[in-house]
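Asker: The structure is given below, and queries will be raised subsequently.
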Amino acid sequence: MYFWKRILVVKMRYTLKDFKTEYPDDAACLLSVLENRYGDTCPRCGVIGIKWHPITGRKGFVCSECDRHVYPLADTIFRKSETSLWNWFYAIYQFSVAKNGVSAKELERTLGCTYKTAWRMCKQIRLLMAQEAGDKLGGDGTAVEADETYIGGRENYAKGEYRFSKKVPVLGVVEKGGVAKAVVSDYATTSRAKSFLKANLEAGSELHTDESRIYLWSKGEYKHKSVNHSAKQYANGLVHTNTIEGFWSQLKRSMDGTHHVVSPKYLQQYVNQFVFMYNHRAIASCPILLARAGKRV
C-alpha cells in the first residue's frame, strides 16, 4: 500500500492558524526538529528519557546525561542556512497549501529575502516531495491508467524533424481514485514505458491506456484495455484515461501559470512536487513535509 494510505490518524485540514499556534517562533521550530529526529533519546550516549537543554545563541541542545552537544539541523535541508527557521517552516506550509505550486519570486516577495535564497529554499523543499520508492500501484483488482505527456518548448513541425523534438516526455500512471507516479524520460518509447510500468505497477493489474503503440506489449503482462482517442473515443464503459489526463492538465496549467519555464535538468523535481500534492490531496500535507524536513537528506 502507498505511504499515505498507511497513515491511521491524519489531519484533514491544517490552517495558517494551526501553523502559527504550533510554530510561533524559531525556538519552537528548532525544538520540533529535535523531537522529530531524536525524541528523548540521545544519539551520543544512547540514554532514553533524557532532557534537552538549549544552548544560548546556537541552534543546538545539551544532553542532560552526557553533557554533549547535539545540533538537530545537521544533515537536513536547513543545514548551514542563515535564513530564519520559522521562514523555512512557513515556506514549507506555503508549498503544502498552494494548489498550483509556489514560485521563487513569490517566496521572495512573501519572506522579504533575496531571489537566490528563495530559489534555494524552493529547491530544497521539493527534495522533501520525492516519490516513494518500492511501492507499486494496482493489484487487488484496482484499475490503473497509464499515459505520456510532453512538457517544454514549442512543437516543431519542420520537415524531417520529430513533432515533439523540443519537448521533454513524462511517463505516468495513476490509480482511479488513488495515487499517481510519474517520471521524466529522454524518450517516450516502448522500452522506456515497459521499464517504468514494471517498476511501478503490480503484475496482473488492469491497465487502461489510449491507442499509443508503446503499450501494446502490456497485454502479456497486464489486463490491458484501451480507448481510441484518434477516433474520438474517450470512454468505453469504465475504460478511460480521463483521470491521468486530469493530472496532466493540472500539472501543465501550474507549470505554465506559476513557473512559466522549467529547465529539463530540474523538471523531475517539479513533477515530484505535483505528484506529492496529488497523492496527498485528501489530507493535510504540511505535517508530513515538516516530519520529512527533520530527517537526514
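Asker: Going by what's in this entry, would residue 35 be described as outside any loop (DSSP other than H, G, I, E, B), touching a Gly at 6+ places or on another chain (Cβ under 9 Å) and either within 30 Å of residue 206 (Cβ to Cβ) or not assigned by TED's automatic domain parsing to the domain that holds residue 247 (or both)?
Answerer: yes
Okay, residues lined up against (1) among the charged types (D, E, K, R); (2) surrounded by 20 or more Cβ atoms within 10 Å (Cβ to Cβ); (3) modelled with pLDDT of 95 or more; (4) more than 22 Å from the chain's Cα centre (by Cα):
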| position | (1), (2), (3), (4) |
| --- | --- |
| 153 | no, no, no, yes |
| 156 | no, no, no, yes |
| 162 | no, no, no, yes |
| 166 | yes, no, no, yes |
| 174 | no, yes, yes, no |
| 178 | no, no, no, no |
| 181 | yes, yes, yes, no |
| 184 | no, no, yes, no |
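Asker: Condition first: closer than 28 Å to residue 114 by Cα, touching a helix residue (DSSP H, G or I) at 6+ places or on another chain (Cβ under 9 Å) and of a type in the set (A, V, I, L, M, F, W, C). Now tell me which residues in the stretch 52-82 satisfy that.
Answerer: Matches in the stretch 52-82: 73, 77, 78.
Asker: From the list 104, 98, 91, which residue is at pLDDT below 95 and within 18 Å of the chain's Cα centre (by Cα)?
Answerer: None of the others qualify; the one that does is 98.
Asker: Looking at 110, 149, which one is assigned to a helix (DSSP H, G or I), of a type outside the set (A, V, I, L, M) and over 16 Å from the mean Cα position of the chain (by Cα)?
Answerer: 110
Asker: Sort out which residues of the stretch 247-278 are in contact with a Phe, Trp or Tyr (Cβ under 6 Å, 6 or more places away or on another chain) and more than 17 Å from residue 147 (Cα to Cα), and write them in order of number.
Answerer: 262
The values are calculated or read from the model by the stated rules, or taken from the named source; none is laboratory data. Quick caveat: nothing in here was measured; it's all calculated off a predicted structure. Every residue, glycine among them, receives a Cβ derived from its backbone with ideal geometry; neighbour counts consider all protein chains shown.
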